[in-house]
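Okay, so here's the structure we're looking at.
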Amino acid sequence: MKILLHLCCAPCTIYPLRVLREEGAQVQGYFYNPNIHPYQEFQHRLQTLDEYAAIVALPLTVHRSYDLEEFLRAVVYREKERCQFCYALRLQAAAHMARQLGCDAFSSTLLYSRYQQHDRIREIGTQIGQEVGIPFYYADFRQGWREGVDESKRLGLYRQQYCGCIYSEKDRYERQEKGKREKGEEIPR
């Protein structure tokens, strides 16, 4: 089976790629992530993914344009639903690319993260797959979380600290400040 795997970053690719290859799949990587903010973060994740893909001989198709405005226009005033929109945006692009490349199915490394909404990803991916005419391959890759983290550290890969969008970056810093307040630490102003 030839499967297109949507990739959010190199560390999240490690475990799903290994599992799919062990299952005998021929994997084609696809990077499309207009949600990532700021631009330097987008470039850093892409550069790290390019390097990792070379190490593991992963064919990689990259959508290099930075379409942040499209993502922001779609989620402004709907921030609570931003993840669902983001999943749909990226999975739709992956489904179309999978058809274009003659793949048998498509999936995403979003299914590796313990922080993503797996039921929503599965639901959205399945619906998009039916609309586009290519099956969505669901697998719960979270069981390999520690393995992927350890391997990414061993390889010295850049490991981001938030999902990617401006809102998740804000959430990250708010959680850090809340933790400091709870510990009685001073928060710089």
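The values are calculated or read from the model by the stated rules, or taken from the named source; none is laboratory data. What you see is a predicted model, and the numbers here were worked out from it, not measured in a lab. Don't worry about glycine lacking a Cβ; one is built from the backbone with ideal geometry, like all the others, and counts go over all protein chains shown. Accessible surface areas use protein heavy atoms only, side chains included; no ligands, DNA or RNA. Shrake-Rupley method; radii C 1.70, N 1.55, O 1.52, S 1.80 Å.
Assorted remarks:
- Residues that are modelled with pLDDT of 95 or more, out of contact with any Cys (no Cβ under 7 Å at 6 or more places or on another chain) and open to solvent by 30 Å² or more (accessible area, probe 1.4 Å) are absent from region 69-78 altogether.
- The set of residues in region 129-158 that are part of a loop (DSSP other than H, G, I, E, B), touching a residue at least 12 places away in the same chain (Cβ under 8 Å) and not hydrophobic (A, V, I, L, M, F, W, C) comprises GLY133, PRO135, TYR137, TYR138, ASP140, TYR158.
- Within region 101-130, the set of residues being acidic (Asp, Glu) and either touching a helix residue (DSSP H, G or I) at 6+ places or on another chain (Cβ under 8 Å) or under 18 Å from GLY29 (Cβ atoms) (or both) comprises ASP104 only.
- Residues located in region 22-59, provided they are in a strand (DSSP E or B), without any contact (Cβ under 8 Å) to a residue 40 or more places away in the chain and surrounded by 18 or more Cβ atoms within 10 Å (Cβ to Cβ): VAL27, GLY29, PHE31
- Residue check for ARG99: of a type in the set (D, E, K, R), surrounded by fewer than 16 Cβ atoms within 10 Å (Cβ to Cβ) and more than 19 Å from GLN127 (Cβ to Cβ): no
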